[in-house]
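The values are calculated or read from the model by the stated rules, or taken from the named source; none is laboratory data. Note that the coordinates shown come from a computational prediction; the quantities given were computed from them, not determined experimentally. A quick note on method: Cβ atoms are made from the backbone with ideal geometry, for glycine too, and the neighbour counts reach across all protein chains shown. What goes into the accessible areas is simple: the full protein's heavy atoms, side chains included, and nothing from ligands, DNA or RNA. Shrake-Rupley method; radii C 1.70, N 1.55, O 1.52, S 1.80 Å.
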Amino acid sequence: MRITPRIMKFGINLWPPFIGAGIRVRRIAPDWGEIDVALRLGLTNRNYVGVHFGGSLYAMTDPFFMLMLMHRLGRPYFVWDSAGRIDYLKPARGTVVARFSLDDAFVARLIDDAAAGDKVLPELAVDIVDDAGDVVARVHKTLYVRLKPEHRPR
């Protein structure tokens with residue numbers, strides 16, 4: 001059974017780590033091409049100086065590029081997170097939002113790059129933006145993508 005975007009949104013919004021951190025998935029596009037995630041500032045995710053805890057900012061971005069690619073590429077591919085880092089650009093207050101986007105051209109290039117059966121390590125980035133539209137952090141993710149053995153050319 002394939003998980004629909006609606007079921008994924010419902011389930012992930014009930015996931016205890018996200019509930020505790022105040023993370024909410026607002027939208028998953030029907031084609032898995034975009035996901036919008038919000039994080040509101042609260043008692044469970046503020047740091048000592050009263051702004052968003054950096055770990056919560058990273059957590060709000062952690063699984064989404066991987067989930068999107070898993071659904072866009074389908075079962076013939078392994079898709080894993082390989083590396084990640086976050087650049088904090090300014091203190092984050094209030095509600096912040098991250099919009100993940102994978103366009104069709106990127107997915108097509110990835111399919112072409114992986115067609116020979118070798119691993120591909122795409123690097124993606126997402127901005128975390130505050131209510132004023134300012135970028136408060138930028139998260140860089142490296143994924144591992146490879147055709148599963150039974151789908152590789154012989």
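Values as computed for the structure displayed
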| read-out | value |
| --- | --- |
| Shape category assigned to the chain from the gyration tensor of Cα positions, a/c cut at 1.5 | prolate |
| GNM flexibility winner over the chain from 142, 61, 44 (Cα, springs under 10 Å) | 44 |
| Residue 53 long-range amide H proximity, modeled H, under 5 Å | 46, 47 |
| Computed lengthening from residue 7 to residue 85, 0.36 nm per intervening residue step minus Cα-Cα distance | 25.2 nm |
| Alpha-carbon centroid distance for the pair the stretch 86-102 / the stretch 105-149, whole angstrom | 17 |
| Close Lys-Lys pairs in the stretch 5-151, where close means Cα under 23 Å and separation is 8 or more or interchain | 4 |
| Furthest towards positive pole of dipole, 51, 12, 111, structure part the chain, Cβ charges | 12 |
| Probe 1.4 Å, accessible area per residue of the chain, Å² | 56 |
| Dipole magnitude of the chain, debye to nearest 20 (Cβ charges: Lys/Arg +1, Asp/Glu -1, about Cα centre) | 480 |
| Qualifying chymotrypsin sites (Phe, Trp or Tyr not before Pro) in the stretch 1-52, DSSP loop, other Cβ atoms within 10 Å at most 10 | 48 |
